[in-house]
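Note sheet for the following structure.
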Amino acid sequence: MTLQLDHLTVTVADGPDTLTILDGLDLTVEAGTVVALTGASGSGKSTLLAVAGLLRQPTAGTVTIDGIDATALSRTRATRLRGDRIGFVFQAASLFPSLTAIEQLELVAHLTGRLDADARRRAAELLVAVGLEHRRDARPAQLSGGERQRVGIARGLMNGPSLLLADEPTAALDDERGRDIMAMLVTEASRREVATLIVTHNPAQLPPGTRHLVLSGGRVRAVEPVAP
């Protein structure tokens, strides 16, 4: 078990009232599996990702990653856990314009003080895994939208995370490229035993068998798995 959210509640002040965004939510994402989350705008999807990614503290409840109660950690230790165990993939790849594809990945290791020969080798292997070894020296302006997003996925996996959080990773892509990216996320999650939580607006892009949940009223409910 890699990610477990128990009785998660997030409330915010709304003038004199209190607005409940997440309401006692329970969710488990096992290692090597993908959970896709959909929901109406304003339903709390981004809030859920922020709490799961240790970017925001819940009002109540616990976030457990690899058996560690992250909600009980100090800010410093939570930051360290996030750097060690969590990878992020964003809606826009958010690549640095001046860096090549390989340098985008190596920067992750550099920021944690771990850019050594092993890290450089891992970066090269990840580009192979996402089919971009021939584009390793290309900068973002020289890459297509799908290629930039594949670099973003490789970057999210660079620290060898236990948990990968993806926020609308295919929003800027057409359906065909979107399906390719979703299939790649599922493949890499399974191959690397990474628990993966994806927020998406387009469940039609999900590979068959993907676990699909809808966030509504501050809680999640299951949807029938995507049919083959």
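Read-outs throughout are calculated quantities, based only on the coordinates presented, and are distinct from any laboratory measurement. It should be emphasised that the depicted structure is a prediction, and the values quoted were computed from it without experimental measurement. Using ideal geometry, Cβ is built from the backbone for each residue, glycine included, and neighbour counts are taken over all protein chains shown.
Give me the net charge of T2's neighbourhood, meaning all other residues with Cβ under 12 Å from the Cβ of T2; Lys, Arg count +1, Asp, Glu -1.
Residues near T2 contribute -1 overall.
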Open item on the list: What do you get for the angle between helix 175-192 and the principal long axis of the chain? Use alpha-carbon atoms, 0 to 90 degrees, nearest ten.
Closed with: 90 degrees
TODO: Report, in degrees rounded to the nearest 10, the 0 to 90 angle that the Cα long axis of helix 117-129 makes with the longest principal axis of the chain.
DONE: 80 degrees
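Report the equivalent ellipsoid semi-axes for the range 95-228 in whole Å, largest first, defined as the square roots of five times the eigenvalues of the gyration tensor built from alpha carbon atoms.
Over the Cα atoms of the range 95-228, the semi-axes work out to 28, 17, 13 Å.
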TODO: Based on the mean of other Cβ atoms within 10 Å per residue, sort peptides 124-131, 161-168, 72-79 so the most packed one is first.
DONE: 161-168, 124-131, 72-79
TODO: Springs between alpha-carbon atoms under 10 Å, Gaussian network over the chain: tell me which of V186, V108, V12 tops the mean-square fluctuations.
DONE: V12
TODO: Give me the percent of Cα-Cα pairs in the chain that sit more than 33 Å apart, rounded to a whole number.
DONE: 16 percent
- [ ] State the extension gain, in nm to one decimal, for the chain segment bounded by V223 and A40, taking 0.36 nm per residue of separation less the distance between their alpha-carbons.
- [x] 64.4 nm
Open item on the list: Could you work out [θ]222 nm for the chain from helices alone, using -39500 (n - 2.57) per DSSP H run of at least four and dividing by all its residues? Round to the nearest 500 deg cm²/dmol.
Closed with: -10000 deg cm²/dmol
- [ ] Could you tell me which of L206, L165, T18 has its Cα farthest along the dipole of the chain towards the positive end, charges placed at Cβ (Lys, Arg +1; Asp, Glu -1), taken about the Cα centre?
- [x] L165
- [ ] Set the Förster radius R0 to 25 Å, insert the Cβ-Cβ distance between E103 and E30 as r into 1/(1 + (r/R0)^6), and round the FRET efficiency to 0.05.
- [x] 0.15
Open item on the list: Counting only Cα atoms, I'd like the Rg/Rh figure for the range 24-149, Kirkwood definition for Rh.
Closed with: 1.01
TODO: Compare G152, G209, G113 in a GNM of the chain, Cα atoms joined below 10 Å, and give the one with the largest fluctuation.
DONE: G113
TODO: Calculate I(q)/I(0) for the range 111-166 by the Debye formula, one identical point scatterer on each C-alpha and no solvent, and give its log10 at q = 0.14, 0.27, 0.31 Å⁻¹ to two decimals.
DONE: -0.38, -1.18, -1.30
- [ ] Extending each Cα 7 Å along its Cβ direction at V12 and S74, get the distance between those two points in nm, one decimal.
- [x] 3.0 nm
